[in-house]
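What follows is a structure written as structure tokens; I'll ask about it next.
Each reported figure results from applying straightforward, stated rules to the coordinates on display, with no laboratory input. Being a predicted model, the structure only gives us computed values, none of them experimental. Positions of Cβ are generated from backbone atoms using ideal geometry, with glycine treated the same way; all protein chains shown enter the neighbour counts.
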Amino acid sequence: MMLPATTHLARRILLAIAVLAAGGVLVSCVSLYHHYGTSDTSYCDIGQNFNCDIVNRSTYSTIAGIPVALIGIIGYVGVLTLATFYRHKSELPAMLAMASLAGLGLALYLTYIEGFILATWCILCLSSLALIFSIAVLSSVLWRHSVARAD
């Protein structure tokens, strides 16, 4: 019997997740670079409502002293590693779904902070939210697909 993560559909979903996670690593690296930077980022300073510097250098940009962008890098590398190197493990769909849903929960919390506390949006953060949302949806589809195949 073929493992759930090796069907044609599963391989395509895992490839999409890997590409999205690589994009997440890139976005998080740029965000971390600007977190420690001292110069203004011109591409994201679009008036009062869009300013990555305000968000990226606020007191909310770290959790227990760890930059949120670094947490993002670690999370996206983890998802990328799972989707790339552990694709034949039967528990992979559940692991990916749980990891991506946890990441989505953190991203939604941080988006709440942006919108309702800082009242400023960050293009990098919103990009990361879109990426982790897409990964969570695809991971959930993969998990459902694997459960359906196991029955």
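So which cysteines in the chain don't have a second cysteine's C-beta under 4.7 Å from them?
Cysteines lacking a close Cβ partner in the chain: 29.
Taking amide H atoms as placed 1.01 Å from N in the peptide plane, list the residues 5 or more away in sequence, or in a different chain, whose amide H sits under 5 Å from that of residue 50.
Distant-sequence amide H within range of residue 50: 121.
Among 79, 64, 121, whose Cα lies farthest out toward the positive end of the dipole of the chain, if unit charges sit on the beta carbon of Lys, Arg (+1) and Asp, Glu (-1)?
Among 79, 64, 121, the one farthest towards the positive end of the dipole of the chain is 79.
Something else about it: Which residues' amide hydrogens lie under 5 Å from the amide hydrogen of residue 62, considering only partners 5 or more residues apart or on another chain, with H built in the peptide plane?
When sequence neighbours closer than 5 places are left aside, the close amide H contacts are 68.
Is there a quick way to get the dipole size of the chain? I mean about its Cα centre, with the Cβ of Lys and Arg at +1 and of Asp and Glu at -1; what is the value in debye to the nearest 20?
Result for the chain is approximately 620 debye, rounded to the nearest 20.
Continuing with this model, one more query. Would you kindly derive the ³J(HN,Hα) couplings of the range 15-28 from the backbone phi angles with the Karplus curve 6.51 cos²θ - 1.76 cosθ + 1.60 (θ = phi - 60°), listing them in order in whole Hz, with x for Gly and Pro?
With coefficients 6.51, -1.76 and 1.60, one gets 5, 4, 4, 4, 5, 5, 5, 4, x, x, 4, 4, 4, 5 Hz.
Sticking with this structure for a sec: In degrees, nearest 10, range 0 to 90: what is the angle between the Cα axis of helix 123-150 and the longest Cα principal axis of the chain?
10
With n ≥ 4 as the cut-off for DSSP H runs, can you work out [θ] at 222 nm for the chain, using -39500 (n - 2.57) per run divided by the number of residues, rounded to the nearest 500?
When only DSSP H runs of four or more count, the value is -23000 deg cm²/dmol.
Under a 5 Å amide H to amide H cut-off, with H placed in plane at 1.01 Å, what residues pair with residue 41 once short-range neighbours are removed?
Here the answer is 53, since their amide H atoms fall under 5 Å of that of residue 41.
Could you tell me which residue out of 106, 46, 10 lies farthest along the dipole of the range 4-150 toward its positive end? Charges go on the beta carbon: Lys and Arg +1, Asp and Glu -1, centred on the Cα centre.
Of the listed residues, the answer is 10.
Helix 92-112 against the longest principal axis of the chain: what's the angle in degrees, Cα atoms only, rounded to the nearest 10?
20
What number, in nm² with one decimal, is the all-direction average of the projected area of the convex hull of the alpha-carbon atoms of the range 53-151?
Averaged projected area of the range 53-151's Cα convex hull equals 6.7 nm².
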